[in-house]
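Computed from the coordinates by the stated procedures, all read-outs in this text should not be read as laboratory data. Model, not experiment: these values are computed from the prediction. In this analysis, Cβ positions are derived from the backbone assuming ideal geometry, glycine residues included, and neighbour counts consider all displayed protein chains.
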Amino acid sequence: MKLYNTLNRQVEEFVPREEGVVRLYTCGPTVYHYAHIGNLRTYIFEDILEKGLRYLGYDVKRVMNITDVGHLTSDADEGEDKMEKGARREGKTVHEIAQFYTDAFFKDCEKLNIQKPITVEPASHHIDTYIKMIEKMLQDGYAYISDGNVYFDISKAKDYYQLSGKNPEDLYVGVRETVEEDKSKRNPGDFGLWFTVSKFSNQEMKWDSPWGVGYPGWHIECSGISGKYLGEYLDIHCGGVDNIFPHHTNEIAQSEAYFGHKWCNYWVHGEHLNDQSGKMSKSNGEFLTVSLLEEKGYDPLAYRYFCLGSHYRKVLTFTYEALDQAAQAYAKLKKRIEKLDRTPDLKEGKIDFYQNAFKEAISNDLNTSSMLTLVYDVLKDEELTDFTKLYLIEDFDKVLSLDLTSDEKEVDQDLESYIQNKIEERNIAKQNKDYEKADSIRDELLEKGIRLIDSRDGTTYELL
Ligand code: AMP
Ligand code: ZN
């Protein structure tokens, strides 16, 4: 398998340390709000990576954290604590916020057929692990105590700039421009491992430590949790591109300081989903969530299909027009598959050929659009029986996870009420003899793969 490795800035042959086994760590969500569909694009890419590796025959050991403590609203070691901000916004405790949004995140994942990793660990459950790591880094001279806080000394790290490709001057300027300088640090690029002197009054989540009551810095959780569950060597570490610096850069620095050797060989990053204004946001403009898409009548899997149409390393711009196109193509594809004759009649002849082509698409740095194209190639192939087509598509769907061969479609509550409201609106338009409006509602639904059926008893619908 070939993967683009951010560490060396090139596509490389992937070779895990232990034959047949992949130790994979993926940074989890910060649970202070709903995930936006940009965040979820990253989790879809990671889901495809995990399932793709399994399809190729690897045993994947995957771990994910839940950031429920100590993550700031800015990447530059400044700003508010996201969890505290969420708690204040909703008048709840930090624990309540964390639980609520963790559940919401996994509900969204379920709707998008993103499989929950077997090991998911909240950051706040592993404070003793971070303390142990920090103690060792202090002993070995990688960390220092200053004004009550513990910092990592980046001048002690080997190749600190390798992952980001930045140079110290860039970082120094960046840090100086955006942050009120933390005078306790030896070097402006140093980062906090443990804070007892908080920038925030009333910090709710606090623990005792050898350096006083406080809380961990916001990078140590991923080093701690991955080390605890996957051991001191990692094969692949993933996240969105914004994680490259400072988060993953600092993870490497502290993990390699602690373990005393190279830690992770492959760093794989997903590009962002942007909206038309640029960066996707949870506070400005329309907050694009899976529920919002459902309220607007979209099947969440149409969004998954939309993501799979582009490569994970390309910036993808979200527009409703683009999503409409994906939704139509997806509905049409499902319809074509539904029409296949299910009478058992398997012809083995070309199965290997297509499965190998699918493996090649996975191995080619996760080429999801080629994977989708293969579904269409199978459907077009006149040498295959319908049953063989179904067999292959079901097989590919272990990775694509688009429910391509399931007959039944569960209608979500939000989608159901959206459709009923539209039917009601159309009935009123018809009563008012506004047939233009009635037709436009019918067409709008059809574009989303919902066909209205009028009868003497009223209007029902079918999902295409
Ligand atoms: P967070 O909940 O902020 O920790 O982010 C969760 C994941 O979403 C991280 O892996 C981020 O790198 C990723 N992410 C953040 N913004 C976007 C975006 N606009 N598009 C894709 N992934 C993103
Ligand atoms: Zn992380």
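Think of the chain as having a plus end and a minus end, set by charges on the Cβ of Lys, Arg, Asp and Glu; of Val69, Tyr330, Leu445, Val69 sits farthest toward the positive end of this dipole. A simple spin-label model places pseudo-atoms 7 Å from Cα toward Cβ; at Gln325 and Phe353 they are separated by 3.1 nm.
Charging the Cβ of each Asp and Glu at -1 and of each Lys and Arg at +1, and nothing else, the dipole of region 413-463 about its Cα centre rounds to 160 debye.
Considering only Cα-Cα distances, which of the following residue pairs are longer than 28 Å: Lys183/Lys206; Lys107/Lys437; Lys85/Lys183; Lys82/Lys228? Pairs exceeding 28 Å: Lys107/Lys437.
In region 207-360, the alpha-carbon atoms span a convex hull of 221 Å³ per residue. With only Cα atoms counted, the chain has Rg and Dmax values of 24.9, 81 Å. At the listed q of 0.16 Å⁻¹, the Debye profile of region 16-270, built from one uniform point per Cα, gives log10 I(q)/I(0) equal to -1.28. Counting only DSSP beta bridges whose two residues both lie in the chain, roughly 50 percent are antiparallel. For region 413-463, the direction-averaged projected area of the alpha-carbon convex hull comes to 3.4 nm².
Computed from phi, the 3J(HN,Hα) profile of region 382-394 under the Karplus parametrisation 6.51, -1.76, 1.60 (θ = phi - 60°) reads 6, 7, 9, 6, 4, 5, 5, 4, 4, 4, 5, 5, 4 Hz, with x in place of Gly and Pro. Find which of Gly231, Leu56, Gln162 sits farthest along the positive direction of the dipole of region 16-270, computed with +1 on the beta-carbon of Lys and Arg, -1 on that of Asp and Glu, about the Cα centre. In region 16-270, that residue is Leu56. Computed from label points 7 Å out along Cα-Cβ, the spacing between Asn8 and Glu135 is 3.8 nm. About the centre of its Cα atoms, the chain shows a dipole size close to 300 debye [charges on the beta carbon of Lys, Arg (+1) and Asp, Glu (-1) only; nearest 20 debye]. What do you get for the angle between helix 249-259 and the principal long axis of the chain? Use alpha-carbon atoms, 0 to 90 degrees, nearest ten. Between helix and principal axis, roughly 60 degrees.
Dipole magnitude for region 16-270: computed about the Cα centre from +1 point charges on Lys and Arg Cβ and -1 point charges on Asp and Glu Cβ, it is near 400 debye.
Residue by residue, region 136-142 carries 3J(HN,Hα) couplings of 5, 5, 5, 4, 8, x, 8 Hz when phi is fed to the Karplus relation 6.51 cos²θ - 1.76 cosθ + 1.60 (θ = phi - 60°); x denotes Gly or Pro. Rounded to the nearest 0.05, what FRET efficiency do Phe106 and Lys433 have when you use their Cβ-Cβ distance and R0 = 35 Å? With a Förster radius of 35 Å, E is 0.15.
Cross-link partners of Lys2 among lysines, defined as those whose alpha carbon lies under 27 angstrom from its own and excluding same-chain residues fewer than eight positions apart: Lys51, Lys61, Lys116, Lys158, Lys166, Lys262, Lys314, Lys350, Lys359, Lys398.
Taking the dipole about the Cα centre of the chain, with the C-beta of Lys and Arg at +1 and of Asp and Glu at -1, give me whichever of Thr388, Thr319, Leu415 is farthest to the positive side. Projecting each Cα onto the dipole axis, the largest value belongs to Thr319.
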